[in-house]
Ligand code: 3HC
Ligand code: NAI
């Protein structure tokens, strides 16, 4: 069946784009539109044509699933379809509802007239995919709406509601009632009143100060979009709409589009777009898996994490009880929450009255008897198995049947935690990241016995509390921390070999990381990693580990909170100041190890850190702990400050080429420092490299 069913209402033909979920303009749909157009033109009884969309969009634009396939540019490509519509001897009216984005809006701009429902989201969001509108959007939009507004929309990709365009040439009518009825009536009016076949391309951009404004825009965009080439290209293309005739402007747009489509930045943004959506798809947990209602919650522990987790529930309007062992801890925890809300109100992020509204949703308690009827309880007590055991045994006693019992543990075995209860099917890991009310990532740890409905409910809940839920299997550190562990080890080895903390941090920050490993450790608290390492030393006595981090901790240099760590800090300030004390300690430490320091290049630093992540990531994939490479990347983008324009460690490896990754790793093994065995490439990495494939296909 055609993806663009054709129907007739008297003398008006209706072409309905039907390619769920958002009528992406893939090849089949483009063919369907052309067929419908030809049918209408061949029928003498037809006077006008309405183009509309079925379901939840007019059109979300080019079908991004076709990107990087020959179908993207196969004829009829989007430009051809728009051309045919524009040249149609019978008027074509676009009837826009819900969403007209990217190519969808460009298609509408190729029509002779446009009408819209109120509330439709209108956007050219290509820049968010590292692209620019490639089917005339940069030339046509500035011809129908104020120039500055058009440039802003194209450079930011932000959506604007259809009614905001009242009085512009974008929409001739905003139709309150049934859109199709209104659009057909409008098409008849066009014929009756002989409104002709106006084409957007024939209009002129009317903006006398364009050059000055464009220069201002170039400066602003260059400063803001440092790692992304697309926004500046958007300005370049829009500039052509003022200074050149339409067809010449189209050539500039086409060139800019082609310049961008193969950039690593655009690949990274597209990867992130799809990766986020793929993360909630679990092969053995279909979309129609029943979920449990979550109308109330409880959190055990009101410390750093418990407070932030409670805020997430309150922010989503879910009442939450917070349980502590001592009144003092409860008061302190609730005090921090209130302060956070007050700060948000001061910064204008929430309304002043929301502070009390949200606090009213959070009920402190010291008694388990108060929380038994919660639909979900999240445990966030000390990271200590006996403490978790006591809490889960207690929860098993008091929680109503069907309640979800979640643990925020960052390293402990969720299956073991589940075994403390008589209902392991209800137990799941919900690993929030600090600060839990801010960070978008929620690593969802699926235990061996976790119920499918419990997993589906937790994934659904992650969306409700505005987190990106990514599923991990059970292993030490789950996906994110297990990988970061190897990254930190490499960073530590490089200190032994001759680098300083600031050199390592600077090298990886230049790539775009929010923070290098040592600044990050100082922020998180060096004692946290030390605590975990001490457990690892017992569990894996043969493991070779860099020990400089332990020496730092033995001196009580836990990082920012103690005023010193790998760096020193002035009271009340967060700036990491290189510390000669640390450099002296390093000199002595290397001498103890008998290592003659060598100069390590930034290139080596970056690749050792990145490939430490990649090799462990490959093992995690192979073991089935992560379902797909993009899940690993989404964890790194949303939980670890990994630069968006690089797209995550696994995409980085794919773009670098897995054959080259294996070669570099073999080279690192031959250096003869640290743990050479770590650089044995994971079997999956070897296999994919040999097949010329990437982790992402
Ligand atoms: N092509 C194909 N699939 C698309 C799509 C597109 N353009 N846009 C969204 N989808 C898919 C999503 O992958 C998702 O699929 P799934 O259900 O299988 O996971 C589904 O549509 C629903 O998407 P969301 O979960 O994002 O649903 P929302 O209702 O929250 O949002 C939306 C809908 C506003 C359309 C949002 O998806 C969006 O912003 N999409 C991107 C639109 C875009 O960037 N368009 C420009 C494309 S590039 C282009 O047009 C080039 C042209 O200039 C030549
Ligand atoms: P924290 O020390 O700040 O808070 C723990 C709180 O739990 C304290 O307020 C304590 O009074 C309370 N508590 C201890 N035993 C209790 C019990 N039996 N019943 C009720 N309350 C009890 O610790 P934090 O940092 O909030 O960590 C909590 C959990 O979250 C740990 O499992 C940790 O591994 C995990 N986590 C921590 C992250 C971080 O960056 N701090 C990040 C991700 C996970």
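With the cut-off at 1.5 for a/c, could you classify the range 207-267 from its C-alpha gyration tensor as rounded, prolate or oblate?
Numbers: a/c = 4.77, a/b = 1.20, b/c = 3.96.
The shape class here is oblate.
Give me the number: length gained by fully extending residue 80 to residue 152, i.e. 0.36 nm times residue separation minus the C-alpha to C-alpha distance, one decimal in nm.
On the way: separation 72, 0.36 × 72 = 25.92 nm, distance 2.68 nm.
My answer for the length gained is 23.2 nm.
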* Structure fact -> Rg/Rh of the range 374-451 (Cα atoms, Kirkwood Rh), to two decimals, equals 0.94
* Efficiency of FRET from Cβ geometry, residue 353 and residue 161, R₀ 25 Å, rounded to 0.05 -> 0.50
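Suppose the chain between residue 178 and residue 561 were pulled fully straight at 0.36 nm per residue; how much longer would it get relative to their current alpha carbon spacing?
On the way: separation 383, 0.36 × 383 = 137.88 nm, distance 6.08 nm.
Going from the current span to full extension adds 131.8 nm.
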* **Rounded, prolate or oblate (a/c below 1.5 giving rounded, otherwise prolate when a/b exceeds b/c) for the range 13-120 by Cα gyration tensor** => oblate
* Asked: Can you work out D for the range 324-470 in µm² s⁻¹ from Stokes-Einstein, where Rh is the Kirkwood radius over C-alpha pairs, the temperature is 10 °C and the viscosity is 1.306 mPa s?
  -> 97 µm²/s
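By its C-alpha gyration tensor, with a ≥ b ≥ c as the square roots of the eigenvalues, how is the range 572-675 shaped: rounded for a/c under 1.5, else prolate for a/b larger than b/c, else oblate?
On the way: a/c = 2.36, a/b = 1.46, b/c = 1.62.
Judged from the Cα gyration tensor, the range 572-675 comes out oblate (a/c at least 1.5, b/c at or above a/b).
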* If contacts are Cα pairs under 8 angstrom and at least 6 residues apart, what is the relative contact order of the range 598-665 in percent? -> 30 percent
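Report relative contact order for the chain in percent, whole number only (criteria: Cα-Cα under 8 Å, sequence separation at least 6). Walk me through the numbers before you get to the answer.
Details: 1287 pairs, mean separation 59.7, N = 697.
So the answer I get is 9 percent.
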* **On Cα atoms only, tilt of 501-510 relative to the major axis of the chain in degrees** => 10 degrees
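When DSSP assigns beta bridges and you keep just the ones with both residues in the range 1-110, what percent turn out antiparallel, to the nearest 5?
On the way: 4 of 15 bridges.
Within the range 1-110, antiparallel bridges account for around 25 percent of the total.
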* To do: Nearest 5 is fine: what % of DSSP beta bridges in the range 417-541 come out antiparallel, could you say?
  => 45 percent
* Enter the Cα centre distance for the pair the range 511-575 and the range 107-147, rounded to the nearest angstrom. => 50 Å
* Could you tell me the distance between the Cα centroids of the range 32-92 and the range 626-697, to the nearest Å? => 42 Å
* Pair residue 218, residue 1: separation of 7 Å Cα→Cβ label points (nm) -> 5.2 nm
* Would you give the gap between the C-alpha center of the range 324-365 and the C-alpha center of the range 418-437, rounded to a whole Å? => 24 Å
* How far is helix 580-593 tilted, in degrees, relative to the longest principal axis of the Cα atoms in the chain, given as a value from 0 to 90 rounded to the nearest 10? -> 70 degrees
* Based on the Cβ-Cβ distance of residue 542 and residue 416, what FRET efficiency does E = 1/(1 + (r/R0)^6) give at R0 = 30 Å, to the nearest 0.05? -> 0.80
* Quickly work out the residue 169-to-residue 87 label distance, labels modelled 7 Å from Cα along the C-beta direction, and quote it in nm with one decimal. => 2.2 nm
* Label-to-label distance, nm, for residues given as residue 193 and residue 677 (7 Å Cα→Cβ offset) -> 8.2 nm
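Between residue 304 and residue 602, what is the FRET efficiency for a Förster distance of 35 Å, r being their Cβ-Cβ separation, to the nearest 0.05? Intermediate values should be presented prior to the final figure.
Values: r = 34 Å, r/R0 = 0.97.
Approximately 0.55, to the nearest 0.05.
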* Asked: Percent relative contact order of the range 226-331, based on C-alpha pairs within less than 8 angstrom and at least six residues apart?
  -> 17 percent
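Arranged by the count of other C-beta atoms within 10 angstrom, fewest first, what order do 67, 433 take?
The most exposed by this proxy come first: 67, 433.
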* Asked: So what is the 222 nm mean residue ellipticity for the chain from helices alone, if each DSSP H run of at least 4 adds -39500 (n - 2.57) and you divide by all residues, rounding to the nearest 500 deg cm²/dmol?
  -> -15000 deg cm²/dmol
* **Label point at residue 476 placed 7 Å out along Cα→Cβ; residues across the range 510-543 whose backbone nitrogen lies under 12 Å** => 532-543
* To do: Send over the semi-axes of the chain's equivalent ellipsoid, whole angstrom and largest first, taken as the square roots of 5 times the C-alpha gyration tensor eigenvalues.
  => 51, 32, 24
* Where does helix 526-539 land angle-wise versus the long Cα axis of the chain, in degrees 0 to 90, nearest 10? -> 70 degrees
* **Calculated on alpha-carbon atoms, Rg and Dmax of the range 62-136 in Å** => 12.9, 36
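Computed from the coordinates by the stated procedures, all read-outs in this text should not be read as laboratory data. Here the structure is a predicted model, which is why all the values come from computation and not from measurement. Virtual Cβ from ideal backbone geometry, glycine too; neighbours counted across all protein chains shown.
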